[in-house]
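As structure tokens, the structure follows; a few thoughts come after it.
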Amino acid sequence: MAKGTVTGKIIERHLVEGDLIPNTPIAIKIDQTLTQDATGTMAYLEFEAIGIDRVKTSLSVSYVDHNLLQTDFKNADDHRFLQTVAAKYGIYFSRPGNGICHQVHLERFAAPGKTLLGSDSHTPTAGGCGMLAIGAGGMDVALAMAGEPFHLRMPQIVGVYLTGSLSPWVSPKDVILEILRRLSVKGGVGKVMEYFGPGLSHLTVPDRAAIANLGTELGATSTVFPSDEMTKRFLIAQQREDCYEEFLAESDVEYDEVIELDLSSLEPMAACPSSPDNVVKVREIEGSEVAQVIVGSCANSSFRDIQVVAKALEGKRVHENVSFEINPGSRQVLEMAASHGLLSTLIHAGARIHQSGCLGCIGMGQAPPSDAISLRTFTRNFPGRSGTVPDKVYLVSPETAVASAITGRITDPRSIGDEPVELIDPDRYIINDVGIAPPQPQGSKVEIIRGPNIKPLPNFDPLTDDIELTVILKVGDNITTDHIMPAGSKILPLRSNCPAISEYCFSAIDPEFSRRAKEGAHDGRRWMIVGGENYGQGSSREHAALAPRYLGVRVKLVKGFARIHKANLINFGIIPMTFKDPSDYDKLSQGSKVRIKGIKEAIMTGKEEISLLTSNGDSIEALCELSERDREILVKGGLLNWVRDRV
């Protein structure tokens, strides 16, 4: 039931194709886009390949926040490429050090009732300001910048009914950790989480954004909060009240599902290693020694979060055995903290202050010691994502983080004080947009600067009538895009170089994968990957589809896909199939030979059940659930081929 919901109202306003019927194909107009530098280089190469001379959105922003370490020329070259592309094509450019894309976008660009498409999975953070913000692959964002609508399946709208208010030392982060505990990392697939109820009156926009941010870890399409008086207050404080518009759910609205949550019943929570849904109460795991604590990431780096930490540290010291690190979310957060004396408190207490950026959240530095616990206010704790293998990463609130940094052990923050710290909800934020470069006027002569690490997009062939495949890899449930294409300071700088980055494809699971794939591809072999449930969860990184396609993967057959990864597979011409009977998973192993006859005709004619014949005589029925547009894209060999034909 989408009618009357905030989400439904925004979709209805932007609807280009389809109806508000759950799980049916729709297309919506996109008002704004964002990219970050780890995905942006490829997205803008794709935009250039389309052949449009200017973005057609009302606002597009290119952020540099991921690849901030400049250990050689690669990242610095990419940043110059991104800046010159932005200037030429009508895109705002947020410079290195200006802040994390989601924090800066919330502060300076988020607008109620608008749609935002971002090449980062945590784009729904802006839902805290009444937007419909969706993460997608770079190719989808490139098309949105070219004026094309965004295609998806109409999600179910799940209402989360909030009552009460948070107790002292309990955080908005604990709200979403509790939802993750209840629903799991696949509990939001095909859904938008929409919050409503009297409890909202106690949550500021930064509070709401923290909750919306981790809705991504549910597998949700987006998270949406209403635009109300709290939203208006935030926009006035950001000196952007002109973009305020009220967006409230109707009083008699019916959601597809309702989850009730009494905020006053919550207590501090933690996601234990190594999944965001492995959630327990902090008091159940108290006492273990901690070596590292980090406050930051797009989830918890706002002025509100830095205030909590600094005020809890007043008159105290960081434990001698703890490296306590602070990554402010934006230049604005840093300036606000400085102007209120919070930075001096943090420094005096022994905290390490880093630049505004993603940093350790995507393995760009801040790796923890071996065999030691790291508490982080981050978004993900997938195995090895920290840069240390194996690792022991817990996801916690800023309150739990600072309490543990003081004691040197995992600590329930309620034990360090009965009264809550007094937080300022500013009437005015410091506005300093020196870190945001506006685009050049249309027609300006801007030379795009390309370093030697920026390589052209590979060309991919269209689909053939029959396919003979070899299973090159078989994996289990909850395979993340980190498993498929790892992050980190060594690999992220290769995002604009497909041949180079493909060397690391599946290296976290099978270090020989790339070598075997390339050797077989030379002999004309094509590959299939077999997987379990929730395949491709996590980051929106389209390289997790691009690199396998470059290495000859043409089909992925799994028990279930994460939304963004399935879309990315289609964009790069890899056929996404699911087992009709999940027990057929056991019929395939690495090295199995599979033949699919008439695959092109089956896809063109809309056939949803496709038969696969194995070399040992087994027949497997697979489901291929695609929209008409998806089918056209797959037959062409990928989205770029499809777009070129249209343009």
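The values are calculated or read from the model by the stated rules, or taken from the named source; none is laboratory data. Quick caveat: nothing in here was measured; it's all calculated off a predicted structure. Note that we place each Cβ from the backbone using ideal geometry, even for glycine, and neighbour counts take in every protein chain shown.
What's the total number of residues in segment 328-344 that are surrounded by fewer than 20 Cβ atoms within 10 Å (Cβ to Cβ) and not aliphatic (A, V, I, L, M)?
Residues meeting the conditions: 5.
Quick check: is even one residue across segment 114-123 of a type outside the set (A, V, I, L, M), over 18 Å from the mean Cα position of the chain (by Cα) and either under 25 Å from Phe303 (Cβ atoms) or not in a helix (DSSP H, G or I) (or both)?
Yes: segment 114-123 contains one or more residues that are of a type outside the set (A, V, I, L, M), over 18 Å from the mean Cα position of the chain (by Cα) and either under 25 Å from Phe303 (Cβ atoms) or not in a helix (DSSP H, G or I) (or both).
Take the conditions hydroxyl-bearing (Ser, Thr, Tyr) and surrounded by fewer than 19 Cβ atoms within 10 Å (Cβ to Cβ) and apply them to Ser627. Does it pass?
In short, no.
Mind listing whichever residues of segment 564-586 are part of a helix (DSSP H, G or I) and farther than 19 Å from Ser619 by Cβ?
Ile564, His565, Lys566, Ala567, Asn568, Leu569, Ile570, Asn571
Check segment 395-418 and report whether any residue there is farther than 21 Å from Lys316 by Cβ, modelled with pLDDT of 90 or more, assigned to a loop (DSSP other than H, G, I, E, B) and in contact with a Lys or Arg (Cβ under 7 Å, 6 or more places away or on another chain).
no
Which pairs have Cβ atoms under 7 Å, sit 6 or more apart or on different chains, and link a residue in segment 152-164 that is within 12 Å of Ala2 (Cβ to Cβ) to one that is small (Gly, Ala, Ser)?
That search, which allows pairs on different chains as well, returns Met154/Gly18; Pro155/Gly190; Gln156/Gly190; Ile157/Ala2; Ile157/Gly8.
If you go through segment 1-18 one residue at a time, how many are without any contact (Cβ under 8 Å) to a residue 40 or more places away in the chain and assigned to a loop (DSSP other than H, G, I, E, B)?
The total comes to 0.
Give Thr35, Thr84, Thr39, Thr57 a once-over and let me know the one that is touching a Lys or Arg at 6+ places or on another chain (Cβ under 8 Å) and of a type in the set (S, T, N, Q).
Being touching a Lys or Arg at 6+ places or on another chain (Cβ under 8 Å) and of a type in the set (S, T, N, Q) holds for just one of Thr35, Thr84, Thr39, Thr57, which is Thr39.
Given the criteria without any contact (Cβ under 8 Å) to a residue 40 or more places away in the chain and out of contact with any Phe, Trp or Tyr (no Cβ under 9 Å at 6 or more places or on another chain), does Leu68 qualify?
no
When you check Gly573 against the structure, is it buried (at least 22 other Cβ atoms within 10 Å of the Cβ) and at positive phi, yes or no?
Criteria met by Gly573.
Give the residue, chosen from Gly187, Gly199, Gly215, that is at negative phi, in a loop (DSSP other than H, G, I, E, B) and of a type outside the set (S, T, N, Q).
Among Gly187, Gly199, Gly215, only Gly187 is at negative phi, in a loop (DSSP other than H, G, I, E, B) and of a type outside the set (S, T, N, Q).
Considering segment 460-485 alone, what residues qualify as being among the β-branched types (Val, Ile, Thr), within 27 Å of Ile362 (Cβ to Cβ) and out of contact with any Phe, Trp or Tyr (no Cβ under 8 Å at 6 or more places or on another chain)?
Answer for segment 460-485, where residues must be among the β-branched types (Val, Ile, Thr), within 27 Å of Ile362 (Cβ to Cβ) and out of contact with any Phe, Trp or Tyr (no Cβ under 8 Å at 6 or more places or on another chain): just Thr481.
Identify all residues within segment 145-161 that are outside any loop (DSSP other than H, G, I, E, B) and of a type outside the set (D, E, K, R); write none if there are none.
Hits for segment 145-161 are Met145, Phe150, His151, Leu152, Gln156, Ile157, Val158, Gly159, Val160, Tyr161.
Applying the selection to segment 195-205, what residues are crowded, with 24+ Cβ neighbours inside 10 Å and not hydrophobic (A, V, I, L, M, F, W, C)?
Tyr195
Restricting to segment 280-300, give me the number of residues that are touching a strand residue (DSSP E or B) at 6+ places or on another chain (Cβ under 7 Å) and within 27 Å of Cys101 (Cα to Cα).
5
Scan segment 486-533 for residues that are of a type in the set (A, V, I, L, M) and closer than 30 Å to Gly360 by Cβ and jot them down.
Within segment 486-533, Ala487, Ile491, Leu492, Leu494, Ala500, Ile501, Ala508, Ile509, Ile529 qualify.
State which residue is surrounded by the most Cβ atoms within 10 Å (Cβ to Cβ) when the search covers only segment 372-387 and only residues that are more than 15 Å from His122 (Cα to Cα) and either in contact with a strand residue (DSSP E or B) (Cβ under 6 Å, 6 or more places away or on another chain) or of a type in the set (Lys, Arg) (or both).
The qualifying residue surrounded by the most Cβ atoms within 10 Å (Cβ to Cβ) is Leu375.
For segment 272-312, which positions are among the acidic types (Asp, Glu) and either outside any helix (DSSP H, G or I) or in contact with a helix residue (DSSP H, G or I) (Cβ under 7 Å, 6 or more places away or on another chain) (or both)?
Once the filter is applied, which keeps residues that are among the acidic types (Asp, Glu) and either outside any helix (DSSP H, G or I) or in contact with a helix residue (DSSP H, G or I) (Cβ under 7 Å, 6 or more places away or on another chain) (or both), segment 272-312 yields Asp277, Glu286, Glu289, Asp305.
Working only within segment 134-161, note down all residues that are among the aliphatic types (A, V, I, L, M) and closer than 24 Å to Ile52 by Cα.
Ile134, Ala136, Met139, Val141, Ala142, Leu143, Ala144, Met145, Ala146, Leu152
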